[in-house]
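Laboratory data are not the source of any read-out in this text; all were calculated from the coordinates shown. Quick caveat: nothing in here was measured; it's all calculated off a predicted structure. We place every Cβ from the backbone using ideal geometry, glycine too, and count neighbours over all the protein chains shown.
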Amino acid sequence: MGKVIRNKGEGMTSYDVHDVGLAAALLCLGHELITLHPDENCGCTVFHFETTPLVEKDADAYESGKLSV
């Protein structure tokens, strides 16, 4: 799910989230929000978080209804 959000030479990737609830939960857990912007196709906000094993684990827990904040 990582996506390059800077110039090619910088090589930074992010964990991209379209779900506002998931983004809020990740922020409450202290995950670093790199940037956000509206999606060109749907107009919804895309949240770019720093990619770490823990952010993916927390997102999976949110999706399965097992995340506590």
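If packing is taken as the average count of other Cβ atoms within 10 Å, what order do 40-46, 61-67, 29-35 fall into, highest mean first?
Result, highest mean first: 29-35, 61-67, 40-46.
Taking 0.36 nm per residue of sequence separation and subtracting the Cα-Cα distance, how much length would be gained by fully extending the chain between Thr13 and Thr45, in nm to one decimal?
My answer for the length gained is 9.8 nm.
For Glu63 paired with Thr35, estimate the spin-label separation in nm (one decimal), with each label point 7 Å from Cα along the Cα-to-Cβ line.
Taking the simple label geometry, Glu63 and Thr35 are separated by 2.5 nm.
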